[in-house]
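Comments concern the structure below.
The values are calculated or read from the model by the stated rules, or taken from the named source; none is laboratory data. As the structure is a computational prediction, the values presented were derived from the model and not from experiment. Methodologically, a virtual Cβ is constructed for each residue, glycine included, from the backbone with ideal geometry; neighbour enumeration extends over all protein chains shown. Surface accessibility is based on the protein's heavy atoms, side chains included, excluding ligands, DNA and RNA. Shrake-Rupley method; radii C 1.70, N 1.55, O 1.52, S 1.80 Å.
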Amino acid sequence: MIDPKRLREKMVREQIEARGVDDRRVLDAMRELPRHVFVEEALASKAYTDAPLPIGEGQTISQPYIVALMSQKLRVEPGMKVLEIGTGSGYQAAVLDRMGAEVYTVERIKKLFFAARKRFMDMRLFGIKLKLDDGTMGWPEEAPFDRIIVTAGGPEVPRPLVDQLADPGLLVIPVGSSRRMQKLILVEKRDGQVTETDLGGVAFVDLVGAHGW
Ligand code: SAH
């Protein structure tokens, strides 16, 4: 593979900065993190392309631009407590960790959970806390969270996640009845009020939950 550092620089410049992401912490984190370590070896050469990639179990690591966009919309500041639903490869969690957040991440598929945990250990990312569970129920023992990010799409915003959001707090989540109809939604809680903003169309894998929300 060509020098991954150069590929990352090109990825950030052409796919992320060129599309308007300017949060310094997001750009720095994505410049530094070896994205190729989060995909299977056979796909490592494709890790910096402008696309999502398969990570096994029918799941995907999100396109770099989508990771950047969601991270920017979260307006993460160092020390904030951030909950991620859908650990997958662990890449998004690692980006948030690099941005200085205290990261909690939940994955429902055992194989992906253990692979991500091992990856964090190998990379010495000891600060990221993981849980194997249905993330639509959130992580009540650790709530409230300043920020919540859901990296899989469901029909609605799971109620437990809104309840576990701090005030003030921000949550980003893809919402839609089918993958082709998803919108990225920014939920803001402030002074006890909850408002939603549509950030545009996206296509994520399904959020599979108890649907009790
Ligand atoms: N953030 C990931 C993207 C993973 S794809 C990354 O950076 O690689 C979405 C992930 O959400 C999948 O791994 C899927 O298994 C997981 N998922 C779907 N529904 C879930 C649920 N209810 N609770 C926890 N994880 C869930």
So, in the stretch 50-65, of the ones that are assigned to a loop (DSSP other than H, G, I, E, B) and open to solvent by 60 Å² or more (accessible area, probe 1.4 Å), which residue ends up nearest to residue 151 (Cα to Cα)? 52
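Listed here are the residues, each with its yes/no results for (1) surrounded by fewer than 14 Cβ atoms within 10 Å (Cβ to Cβ); (2) closer than 17 Å to residue 72 by Cα; (3) touching a Phe, Trp or Tyr at 6+ places or on another chain (Cβ under 7 Å); (4) among the acidic types (Asp, Glu).
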site: 167; (1), (2), (3), (4): yes, no, no, yes
site: 172; (1), (2), (3), (4): no, yes, no, no
site: 178; (1), (2), (3), (4): yes, no, no, no
site: 181; (1), (2), (3), (4): yes, no, no, no
site: 186; (1), (2), (3), (4): no, yes, no, no
site: 191; (1), (2), (3), (4): yes, no, no, yes
Being open to solvent by less than 50 Å² (accessible area, probe 1.4 Å) and part of a strand (DSSP E or B) is the filter here; which residues of the stretch 99-116 pass it? 103, 104, 105, 106, 107
Do any strands (runs of 3 or more DSSP E) entirely within the stretch 131-196 hold 1 or more residues that are of a type in the set (Lys, Arg) and within 15 Å of the ligand (Cβ to nearest atom), and if so, which? 145-150
Looking at the stretch 117-128, is at least one residue within 14 Å of the chain's Cα centre (by Cα) and in a strand (DSSP E or B)? no
Answer residue from the stretch 64-106, given it is acidic (Asp, Glu), more than 10 Å from the ligand (Cβ to nearest atom) and in contact with a strand residue (DSSP E or B) (Cβ under 6 Å, 6 or more places away or on another chain) and is farthest from residue 117 (Cα to Cα) among those: 102
